[in-house]
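What follows draws every value from the coordinates through simple rules; no lab data is involved. Since this is a predicted model, take the numbers as computed values, not measurements. No Cβ is skipped: glycine too gets one built from the backbone with ideal geometry, and neighbour counts run over all protein chains shown.
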Amino acid sequence: MTNETRTVSRRERLRAQTLQEIEDTSFAIIDADGVQALSVAALARSMAMSAPAVYRYFPSRDALVAHLVTLSYQQLAAAMSQAVEGGRRAPRTRMRLVVTAYRDWALRYRRRYGMLFGERAGDLPSEVTTQTPLDQAMAMLMDMLTAVQGTTQADSTSGDRTLDGQLRLWARSQERPDISPGVARAAILIWTRVHGIVSLELTGVFDNHTLEAQRLIDLEVDNAIQSLKPAGP
């Protein structure tokens, strides 16, 4: 190994360490005070480095926040995937584990969750909102719903031909072109209702009340599954 190779390797290692410190410190600021509290100047002060040094890693605050959003999506998707790793469980049980992991992550990282679904407005380039690692979790949810549906001839349409076409297009965008409109609709309903319940919980709507958010979430999962069953005569 040449001296030049050793120098480059050391430089890359130090850069990776600094990048990790930037990420960790940025998340510490966000977890404490929200994404609006994150600035290059505040980050530089926390790390005892100069602002120009931070700009060697990210050309702007927007670029830094976009990077943190991507990492947060990855963390959330990983938590959902890990919840169903190992063991053989019924699809309904797997779905409950996935949505519970979603809620648990949101409650643990409230500010990061807010950054993903609320506080980030105006902070990020529009392309950040297109495809995210969370789409992998949505695809996994559709696969579980398909397993629940099994060979039963369920109600595969919404009764709205325009909506059914939109659901098919959405399923294709999630790399699930063979998913029926009924399964796609059930997946979207689960996600939107779970997200709504979690968001209300985070804002304190359920504080000092007897309602349990997790029971409401479990009910929404059951209702979505019920929608896949064939209608009675």
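Of note:
- Just one of the listed residues (51, 28, 66, 78) is among the small types (Gly, Ala, Ser), surrounded by fewer than 16 Cβ atoms within 10 Å (Cβ to Cβ) and touching a Leu at 6+ places or on another chain (Cβ under 9 Å), namely 51.
- In region 83-100, residue farthest from the chain's Cα centre (by Cα) [restricted to those that are within 16 Å of residue 193 (Cβ to Cβ) and not charged (D, E, K, R)]: 95
- Checking each residue in region 176-226 for being more than 22 Å from residue 105 (Cα to Cα) and among the charged types (D, E, K, R) picks out 176, 178, 185.
- Some residue of region 171-179 being in contact (Cβ under 8 Å) with a residue 60 or more places away in the chain and not in a loop (DSSP other than H, G, I, E, B): no
- If you go through region 180-233 and pick out every residue that is in a loop (DSSP other than H, G, I, E, B) and either charged (D, E, K, R) or on the phi > 0 side of the Ramachandran plot (or both), you end up with 5.
- The number of residues in region 183-196 being surrounded by fewer than 22 Cβ atoms within 10 Å (Cβ to Cβ) and free of Cβ contacts under 8 Å to residues at least 60 places away in the same chain comes to 6.
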